[in-house]
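Asks: Got a structure for you, written out below as structure tokens; questions coming shortly.
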Amino acid sequence: MRPIDVASRSGVALRRAFQAQQLHRVAGSRQYSNVTSLPPTYEKLHNKYSEVRRVLGAQRLTLAEKILYSHLDNVEESLLNNTNNGRDIRGKANLKLKPDRVNMQDASAQMALLQFMSCNLPQTAIPASIHCDHLIVGSKGAEDDLQAGIQTNHEVFDFLESAAKKYGLDFWAPGAGIIHQTVLENYAVPGLMMLGTDSHSPNAGGLSTITIGVGGADAVEALVGAPWELKAPKVLGVRLTGKLSNWASPKDLILHLAGLLTVRGGTGYIVEYSGPGVETLSCTGMATICNMGAEIGATTSIFPYTEASARYLEATRRGQAVKNAAAFQSFPGVGASEDAYFKFKADEGAQYDELIEIDLSKLEPHINGPHTPDLSTPLSQFKATVQEQKWPEKLSASLIGSCTNSSYEDMTRVESIVRAAEEAGLKPKADFYVTPGSEQIRATLERDGTLQTFEKAGGILLSNACGPCIGQWKRQDGVEKGTVNAILTSYNRNFRGRNDGNLETMNFLASPEIVTAMAYAGSTTFNPVTDSLTTPDGKEFKFPAPHGLEGPKTPFDIGKDVFKVASQPPNPNEQVAIAPTSERLALLEPFEPFPESDLSGLKVLVKVSGKCTTDTISAAGPWLKYKGHLPNISANTLNTAVNAETGEVNVAYDLDGSKHTIPELAKLWKERNQPWLVVAEHNYGEGSAREHAALQPRYLGARIIVCKSFARIHETNLKKQGVVPLTFVNEQDYDKIVAGDEVATVGLYEMLQNGGQGEVQLKVTKRGNGEEILIPVKHQVSKDQAGFILAGSALNLLSKSVSV
Ligand code: SF4
């Protein structure tokens, strides 16, 4: 695509903004009335930003801070409380934010909407959308799979559609696309702030939109118009220089970064990209990088607005947004100093808490995995690593696409190498699957012939849905559960069992180009940059370096009518569809409030060792179907957790020594009214923003999780459901506590009553000899969160405050 001359396309909005600018200069007052010439979103942003500047003066701000702070409910209260008069905001301030919209995927939307319904409001306070993407199985191909998915899940889709009609939400039907791709194509606009009930929501940061992955309870806060709270993140700067070349792609940047920072490195940070290298990236490439910021635990990631962002907006038929963004960036604020202009980039001289420099020209392709996205190996060393680690050399399947990597650029780059291989008479040796991220991208790739190239090569086109990325992959290649095998995907996550439910499948993450080229070799030791293949007529074939187009030459095709969004005003007469006999959906019963004393008589249900991700706590795959039915889905709680004392998976022992699965024992204890806690190691709850991982333990009777450290979203989710997350002051205290020990809290009730102020200890009575020990623990409970815990859950508190 040719760059677009934004100035020559300036329209009415921009002219009006410039006129307003002149008026403003003449008036020279602190009135904001002239901003009404900006579109409403930017008018609001302008007014809040002016307040931020009034409070923080000439303080240099990163782009993330500018957008985030300009979404505060009360700027002064959030930025000046406990922050050394605004000098020390990051990591200290509790930001109470008012997002512009909420996006929800079908699996998490069920619980979010069930919670929203408990508040008895006639409509949502801000715009929101529902995307039916997670429940569609990938198996035989798009058409069959979509039909089967609709048939199997019609009850859930009917529920979501009826709730969308009742409360006035946008509804994207099954097959319309994957949430993050659809959001990027339709809702992301520079300067906006969104919440998404999915951990890869930061994808929209590729278009300078702050988007944070949250659980359903957080989404409900925004949906009812209450402020949503976030500890002010630190900002990790990544300065890019140079330009990607040959086989290196945006995916390789984030794969490399994941290797540098590990799955915990971004915790508590927003990752903000800057530097001249940014200007060389496509908008969708930037989105890929932001998408996988979730893999380093970042709160979110963001790129500045560039010419490529404007080109993407034009290509997705949003030329007006380009004009609005230009008008807004030229609109002066109070006093018309340089700082009064809101630019979609960091202020000159803004400081980062940490800064990483990456020269894109030196970046080589990377392959990350197996089983964790931060085990990063440069392609040049991958063959040796495979052999050294004795990973399978046979490649079983290659899967490209998903919300992470199905852009026009990705797919046309892949097309270039597929064409070259076809011309040489080669076919992929491993199964080759393609998942378009949305109907729009699918239809455009079909219009432009790219999909036909893949299908001619033997590629299997899956529906525009998550499918194999979320355990919804019914494999057709006969690889049985328990069989060690290797697959390559251009997805973003590769925890055990994530794709096909087989814990022994090793998923290696790479760019779509590398994933595809390796399918032709059928081998994990093939290096497409240096190695050759033999063609059927005995010649040597070496892949050319991939090349593609940033976007289509004419705007994106919007695809089939049936997949268009259903936007509607709220209809109070609409009945939300939930059958009383349903096994998929169940209305929620409120959790009981915190007792008016410290907790006592708790027992340790299980002590787990190693990784305990949200997949471990609440597995996806076949369990996705119970997302709207808390009692039914709770039967998977911690069912892949490793018992630290015995090494067994999904095994826990009752006080009489009888052996159970972990969820069975939890259910037994719930029936006996025996409250319990879990003891765990580091980064408990890493992975997807899965609130079921907090809801299920709570439903079954958990009151505390104590561990060495938490993943941010999960820690928040626990508090919202009334479970107290605590961490050991001394990590070695993990060794002092075992299953069956009795636990009482000391200081917890007082701390909660004092709005999160105060110290807490655990009094542990050892099961064997009755010995008592005191274990000091830490907490991150804010005033609001203390209120949630005391009320029994955030929802209990919220439904009281908004009841009509
Ligand atoms: Fe769907 Fe996978 Fe993207 Fe999540 S990461 S939205 S499961 S495609």
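Asks: Put +1 on the Cβ of each Lys and Arg and -1 on the Cβ of each Asp and Glu in the chain; which of F556, G268, P580 then has its Cα farthest toward the positive end of the dipole?
Replies: F556
Asks: State the Kirkwood hydrodynamic radius of segment 573-627 in Å, one decimal place, computed from all pairs of distinct Cα atoms.
Replies: Answer for segment 573-627: a Kirkwood hydrodynamic radius of 15.9 Å.
Asks: I would also like to ask the following. Hey, got the dipole for the chain? About the Cα centre, +1 on K and R Cβ, -1 on D and E Cβ, debye to the nearest 20?
Replies: 1320 debye
Asks: Could I get the Rg over Rh figure for segment 655-800? Both from C-alpha atoms, Rh via Kirkwood, rounded to two places.
Replies: When Rh is taken as the Kirkwood radius, the ratio is 0.95.
Asks: Same structure, new question: What lysines does K92 reach when the alpha-carbon gap must be under 22 Å and sequence neighbours fewer than 8 apart in one chain are set aside?
Replies: Here the lysines satisfying the reach criterion relative to K92 are K48, K66, K231, K234, K708, K719, K720, K778, K783.
Asks: Using the Cα gyration tensor of segment 253-408, with a ≥ b ≥ c the square roots of its eigenvalues, what is the shape: rounded (a/c below 1.5), prolate (a/b larger than b/c) or oblate (neither)?
Replies: Prolate, since a/c reaches 1.5 and a/b exceeds b/c.
Asks: Still on this structure, please answer the following. Once you place label points 7 Å from the Cα toward the Cβ at K670 and D656, how far apart are they in nm?
Replies: The two pseudo-label positions are separated by 2.1 nm.
Asks: So what is the 222 nm mean residue ellipticity for the chain from helices alone, if each DSSP H run of at least 4 adds -39500 (n - 2.57) and you divide by all residues, rounding to the nearest 500 deg cm²/dmol?
Replies: Taking each H run of at least 4 residues, the total per residue is -9500 deg cm²/dmol.
Asks: Another question, if that's okay. Counting Lys and Arg as +1 and Asp and Glu as -1, each charge on the Cβ, what is the dipole of segment 284-441 about the Cα centre in debye, to the nearest 20?
Replies: Taking the Cα centre of segment 284-441 as origin, the dipole is about 600 debye.
Asks: I want the local charge near S274. Using Cβ-Cβ distances under 15 Å, sum +1 for each Lys or Arg and -1 for each Asp or Glu among the other residues.
Replies: Once all neighbours under 15 Å are counted, the net charge is -4.
Asks: May I pose another question? What whole-number distance in Å separates the alpha-carbon centres of segment 326-365 and segment 50-92?
Replies: 16 Å
Asks: Over all directions, how big on average is the projection of the convex hull of the alpha-carbon atoms in the chain, in square nanometres?
Replies: For the chain, averaging the hull's shadow over all directions gives 33.1 nm².
Asks: Does segment 586-703 classify as rounded, prolate or oblate by the C-alpha gyration tensor (a ≥ b ≥ c root eigenvalues; a/c under 1.5 gives rounded; else a/b over b/c gives prolate, otherwise oblate)?
Replies: Judged from the Cα gyration tensor, segment 586-703 comes out rounded (a/c under 1.5).
Asks: Could you work out the local net charge near L451, counting Lys and Arg as +1, Asp and Glu as -1, over the other residues with Cβ closer than 11 Å to its Cβ?
Replies: Local net charge: -1.
Asks: Quick one: compute the contact order of the chain, relative version, from alpha carbon pairs under 8 angstrom and 6+ residues apart, as a percent.
Replies: With pairs under 8 Å counted, the relative contact order is 14 percent.
Asks: Check cross-link reach from K481 to the lysines: straight Cα distance under 19 Å, and skip same-chain residues fewer than eight apart.
Replies: The reachable lysines, counting only those whose Cα sits under 19 Å from K481, are K140, K394.
Asks: Moving on to the next point. For a quick check: with amide H placed at 1.01 Å from N, whose amide H comes under 5 Å from G268's, ignoring anything fewer than 5 positions away on the same chain?
Replies: The list, which skips near neighbours in sequence, is T299.
Asks: Percent of alpha carbon pairs in segment 368-491 separated by more than 22 Å?
Replies: 41 percent
Asks: How big is the dipole moment of segment 698-781 about its Cα centre under a simple scheme where the beta carbon of each Lys and Arg is +1, that of each Asp and Glu is -1, and everything else is neutral? Debye, nearest 20, please.
Replies: 380 debye
Asks: Counting only the backbone N, which residues of segment 335-374 are under 17 Å from the spot 7 Å out from the Cα of N246 toward its beta-carbon?
Replies: 359-367
Asks: Across all directions of projection, what mean area in square nanometres is found for the Cα convex hull of segment 47-86?
Replies: 2.6 nm²
Asks: May I pose another question? Would you mind ranking C707, C466, C132, C119 by Cβ crowding within 10 Å, fewest neighbours first?
Replies: C119, C707, C132, C466
Asks: Now for a separate question. In a Debye calculation with equal point scatterers on the alpha-carbon sites of segment 231-285 and no solvent, what is log10 I(q)/I(0) at q = 0.19, 0.28, 0.31 Å⁻¹?
Replies: Calculated log10 I(q)/I(0) at the listed q: -0.74, -1.24, -1.31.
Asks: Taking the convex hull of the alpha carbon atoms in segment 641-722, what volume per residue do you get, in Å³?
Replies: Cα-based convex hull of segment 641-722, divided per residue, equals 91 Å³.
Asks: With a cut-off of at most 14 other beta carbons within 10 Å, and DSSP calling the residue loop, which GluC sites (Glu not before Pro) in segment 338-413 qualify? Please list them.
Replies: E348, E393
Asks: Would you please calculate the Kirkwood hydrodynamic radius of segment 560-603 over all C-alpha pairs and express it in Å, rounded to one decimal?
Replies: For segment 560-603, the Kirkwood estimate is 16.2 Å.
Asks: Modelling each spin label as a point 7 Å along the Cα-to-Cβ direction, I'd like the H547/N571 distance in nm, to one decimal.
Replies: Calculated label separation equals 5.3 nm.
Asks: How large is Rg/Rh for segment 473-605, to two decimals, with Cα atoms and a Kirkwood Rh?
Replies: 1.17
Asks: Can you list the trypsin sites (Lys or Arg not before Pro) in segment 301-399 that are in a DSSP coil and have 10 or fewer other beta carbons within 10 angstrom?
Replies: Here the trypsin sites (Lys or Arg not before Pro) that fit, given the DSSP loop and packing criteria, are K390.
Bear in mind these aren't lab numbers, they're just calculated from the coordinates by the rules spelled out. Since the model is a prediction, treat every value here as computed from it, not as a measurement. So basically every Cβ, Gly included, is an ideal-geometry build from the backbone, and we count neighbours across all protein chains shown.
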